[in-house]
Amino acid sequence: MAALLLFRFLKYVAVLMLAAATTGAFVPESIETRQRMVYGVGTAALALTWVSGFGLLRHTGVSIGAPWISGATLLSVGWFAIVVVAVERPPRRGPAWAAAAILALLAALALMVVRPGW
């Protein structure tokens, strides 16, 4: 039971870090700061999200082949690709790119929370 609570807490912290990395990819003016947020915070957050998610799967007995897990994984990779492109190519820092990153992150989070049984 304690391990389950630990994995849930780590997952919560990781999701907050993902949100911080998303904000950090678009708000700061300095390209160095934006890159530091994405590569430092975003990469660590993505890894922590996946590790804590795997721990939750192992403790709850959910199959890793569940469609909602595949969807959330693909969306998280898509989120990372969006924020990396946004910090590497400054013209792609506009509101459309920010909206795409936020949408990908929220969709992945929704799949993790709702767990649809398609």
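The values are calculated or read from the model by the stated rules, or taken from the named source; none is laboratory data. Just so it is clear, the model here is predicted, and its values are computed rather than measured. No Cβ is skipped: glycine too gets one built from the backbone with ideal geometry, and neighbour counts run over all protein chains shown. For the accessible areas, the whole protein counts, side chains as well, though only heavy atoms, and no ligand, DNA or RNA atoms are used. Shrake-Rupley method; radii C 1.70, N 1.55, O 1.52, S 1.80 Å.
One quarter of the convex hull surface built on the alpha carbon atoms of region 1-100 amounts to 6.3 nm², the projected area averaged over directions.
In terms of its alpha-carbon gyration tensor, region 3-45 comes out prolate; a/c meets the 1.5 threshold, and the first ratio a/b outweighs b/c.
Label sites at VAL84 and VAL13, each approximated as a point 7 angstrom past Cα along Cα to Cβ, lie 2.5 nm apart. Note on surface exposure: THR33, THR49, THR23 rank THR23, THR33, THR49 by accessible area, highest first, 1.4 Å probe.
Extension gain for the segment ALA110 to GLU29, taken as residue separation times 0.36 nm less the Cα-Cα distance, is 26.2 nm to one decimal. Protein heavy-atom accessible surface, 1.4 Å probe, per residue over the chain: 57 Å². Taking the longest Cα principal axis of the chain as reference, the axis of helix 2-26 is set at about 20 degrees. Taking Cα centre as origin and charging only the Cβ of basic (Lys, Arg, +1) and acidic (Asp, Glu, -1) residues, the dipole magnitude of the chain rounds to 140 debye. Of the accessible area of region 1-80, computed with a 1.4 Å probe over protein heavy atoms only, carbon and sulfur atoms account for 74 percent.
Taking Cα atoms only, the orientation of helix 95-114 departs from the longest principal axis of the chain by about 10 degrees. Label zone (THR60, point 7 Å along Cα-to-C-beta; backbone nitrogen cut-off 20 Å) within region 89-118: 105-118. Electrostatic bookkeeping for LYS11 treats Lys and Arg as +1 and Asp and Glu as -1; over the other residues with beta carbon under 14 Å from its beta carbon, the sum is +3.
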